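All remarks here apply to the structure that follows.
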Amino acid sequence: MIIDVHVHIRSMPMLERALRQAEQLNMILCLNSINLEDSSSPNFPSRQFVTLCNDRTAALAAAHPSRVIPMWYLNPAHGHYAVAELERRVKQHHGPQGVKLWTAVKADDARLDAVFAVCADNRLPVLQHSWMEVTGNLPGETDPFAMRAAALRHPNVSFFWGHASGDIEYTVKLAGGLPNIFLDIGGCEATNGYTETLVKYVGANHIVQGSDGTGRSFVSQLAKVYGADISAEEKAQILYKNASALFTQQNLSHPLFA
């Protein structure tokens, strides 16, 4: 079993291919929609855009309950609307689920406090995009410093630290000592030594498999784990055990974790 915590809907044909591959690989897709047909995702999405994205995610989770875990997309700058949107989705979905945050608001912004309170109450893991841009981040884009601050500010929320922020030299220094973070390794090249460095300094019990699919292939991203010079148990922790432990905390009777 593999759990991929970071999968995007980019087009329906690509998604259909991803579901076929997930079946072949015995893989669960933590799926979110941050774009609609013929439309890229805006950095600051409107309420209508967010709702339509989550409608699509909900429909796919209902259609593929054995392969899809929904990750609800939010713009925290929407305030009470974002909280209400999350509470509505959590109430309607009867299975493991989580939250996806992108670039509208940095993870350590106080506007996220109410959203993260809902996440803590329902034990929803949060996939937070995080990156370290050489040319400078977007205004609302989370960097590893904001990611650490968010984890410290919200110790009862479990974070999938998206992309391990890209620049892992910053990440391994800033992720140390944070029990509620899990480095998502998706989206970068399968570089020799990448996963080994994260395991050495952060620990395999705080790393999760992510692909950033369907923009990246599952195979290229799985190579980061299968090709790494780490133990079989460490690979199992990354590929399945760590994410499974977080979702099963939601105390749901569901075929994904039977």
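Here is how the numbers come out for the structure above:
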read-out	value
10 Å Cβ shell holding at most 13 others, DSSP loop, GluC sites (Glu not before Pro): longest site-free stretch of the chain	38-132
In the chain, lysine pairs closer than 23 Å at Cα, eight or more apart or cross-chain	12
Stokes-Einstein D in µm²/s, Kirkwood radius over Cα pairs - the chain at 37 °C with 0.692 mPa s viscosity	183 µm²/s
Interchain or long-range residues, amide H under 5 Å from His6's placed H	Cys30, Ser211, Asp212
Amide H contacts under 5 Å for Ile207, placed H, 5+ residues apart	Leu183
HN-Hα J in Hz across region 21-34 - Karplus 6.51, -1.76, 1.60, θ = phi - 60°, x for Gly and Pro	5, 4, 5, 5, 8, 6, 10, 9, 9, 7, 10, 9, 10, 10
Table column - 3J(HN,Hα) (Hz), region 92-104, Karplus curve with 6.51, -1.76, 1.60, x for Gly and Pro	7, 9, 10, x, x, 7, x, 10, 10, 10, 10, 10, 6
Prolate/oblate/rounded call for region 154-217, Cα gyration tensor, a/c under 1.5 rounded	oblate
Cα centre as origin, Lys/Arg/Asp/Glu Cβ charges: region 1-148 dipole, Debye	320 debye
GNM result for the chain, Cα springs below 10 Å: residue of Pro155, Pro13, Pro125 fluctuating most strongly	Pro13
Under Karplus coefficients 6.51, -1.76 and 1.60, residue-wise ³J(HN,Hα) of region 51-59 in Hz, glycine/proline x	4, 5, 4, 5, 4, 5, 4, 4, 5
Region 135-206, dipole about Cα centre (Lys/Arg Cβ +1, Asp/Glu Cβ -1), debye to the nearest 20	300 debye
Dipole axis of region 2-250 (+1 Lys, Arg; -1 Asp, Glu on Cβ), positive-most option in Asn122, Asn35, Thr197	Asn122
Total charge dipole magnitude, region 2-250, about the Cα centre, Cβ charges on Lys, Arg, Asp, Glu only, Debye to nearest 20	500 debye
Distant-in-sequence amide H partners of Met132 (H built 1.01 Å from N, under 5 Å)	Asp167
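Computed from the coordinates by the stated procedures, all read-outs in this text should not be read as laboratory data. Please read these numbers as outputs of a predicted model, since none were measured by experiment. Please note: Cβ atoms are built from the backbone with ideal geometry, for glycine as well, and neighbour counts cover all protein chains shown.
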